[in-house]
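What follows is a set of notes on a single structure, which appears directly below.
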Amino acid sequence: MSPGRLWWLLRRDLKRGFDASYHEHKTLRRIEEWSWPFWHEVAQTTPVHLLTGEKDWWLSAWMLASWFEASERGWPIVLHDDGTLPAEGATLLRKLFPNLRIIPRAEADAVMERVLQPFPFCQDYRAQHPLALKLFDVPHFCAGDRFLLFDSDLLFFHYPHEIIDWAGSAREECWFNEDVQESSLVTAAEAREELGVKIWPRVNSGLCLIHKPVLDPDFLDAALAQTSVLRGHIWRVEQTLYMLCAARHGQGGLLSKRHEVSLGKSASEEAVCRHYVGAVRERFYGEGLKRLAAQLLAPEPKEEAAK
């Protein structure tokens, strides 16, 4: 490691605090020790989809393990490789989650090129950014009419009543967690005038409960063509489009605030889950892993736990 890299890491660790550094370096990889004893039981029918790759597959493992533990159920899992998932990551995730289906990026590209050919704006957007896979690939590779979509930087702490109730129902609703501020890339006026849609405020797509038919490719192509969405921050395009599709459908809304997106140091003790958005990503380690390690893993050796 170069002296410059070492200095950068030291400054980063000092800034974010000991807990974050310790649990990223020591606890993160201990998810290899997690096991689920109930694979023989019948899984739920609603699948969990996620997009992951080289930078966040370790987080994905923790997210899924925390979901299985908190929900007290097994689930079919579909992992969409953003094109960077290493073989090491695929191997460990398959070991931890035997029912996992991984869709390699090359396979998805070949399929989606044909699927999106009639929708040029959708096709162009998918080629621009991997987050577009959440919008197009997930519904295409979902066999049923509903799915759960979780980001890798999401952790579950308590039993998710609202999500379980929705997953076990036939309700044609879409639900999201509530963002800390408005992040839509289209204004209310533009959505109304160009698309005839009344927007839903403060939608965050880190946790989505989706009725698949709302994701109409004709509407998505029109939204990309007729609005300013692509002139905004590319990381928010997918989220804005999910919001527009759900708002157009008009059923559902925002989950309770116990499905937390926050910028504080700690989540509420009553939080069902927390989405550790970029501004507080270090809290995924310093708070989330520290809090969950005792629940998901065997106790550390005494000399390590003392730290």
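Which is loosely packed, with under 15 Cβ neighbours inside 10 Å, out of contact with any strand residue (DSSP E or B) (no Cβ under 9 Å at 6 or more places or on another chain) and part of a loop (DSSP other than H, G, I, E, B), of GLU193, GLU269? Spell out the reasoning first.
On the way: GLU193 fails: part of a loop (DSSP other than H, G, I, E, B).
Unique residue meeting the criteria: GLU269.
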Every residue from segment 137-163 that is within 17 Å of the chain's Cα centre (by Cα) and of a type in the set (A, V, I, L, M, F, W, C)
VAL138, PHE141, CYS142, PHE147, LEU148, LEU149, PHE150, LEU154, LEU155, PHE156, PHE157, ILE163
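With segment 98-169 as the region, which helices (runs of 4 or more DSSP H) entirely inside it contain at least 3 residues that are modelled with pLDDT of 95 or more and within 30 Å of SER262 (Cβ to Cβ)?
Working: elements: 105-115, 120-128, 132-140, 161-167.
In segment 98-169, 132-140, 161-167 are the helices (runs of 4 or more DSSP H) which contain 3 or more residues that are modelled with pLDDT of 95 or more and within 30 Å of SER262 (Cβ to Cβ).
What are the residues in segment 47-73 that are in a helix (DSSP H, G or I) and within 23 Å of GLY168 (Cα to Cα), if any?
Pass one, segment 47-73, residues in a helix (DSSP H, G or I): 57-71.
Within segment 47-73, MET63, LEU64, ALA65, SER66, TRP67, PHE68, GLU69, ALA70, SER71 qualify.
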Taking segment 206-228 and keeping residues surrounded by fewer than 21 Cβ atoms within 10 Å (Cβ to Cβ), in a helix (DSSP H, G or I) and not polar (S, T, N, Q) leaves LYS212, PRO213, PRO217, ASP218, PHE219, ASP221, ALA222, LEU224, ALA225
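Listed here are the residues, each with its yes/no results for (1) in a loop (DSSP other than H, G, I, E, B); (2) of a type in the set (D, E, K, R); (3) without any contact (Cβ under 8 Å) to a residue 60 or more places away in the chain; (4) in contact with a helix residue (DSSP H, G or I) (Cβ under 9 Å, 6 or more places away or on another chain).
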| site | (1), (2), (3), (4) |
| --- | --- |
| SER21 | no, no, no, yes |
| LYS26 | no, yes, no, yes |
| GLU32 | no, yes, no, yes |
| GLN44 | yes, no, no, yes |
| LEU79 | no, no, yes, yes |
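The values are calculated or read from the model by the stated rules, or taken from the named source; none is laboratory data. Predicted, not measured: the structure shown is a model, and the values here were computed from it. As a convention, Cβ positions derive from the backbone with ideal geometry for all residues, glycine included, and neighbour counts pool all protein chains shown.
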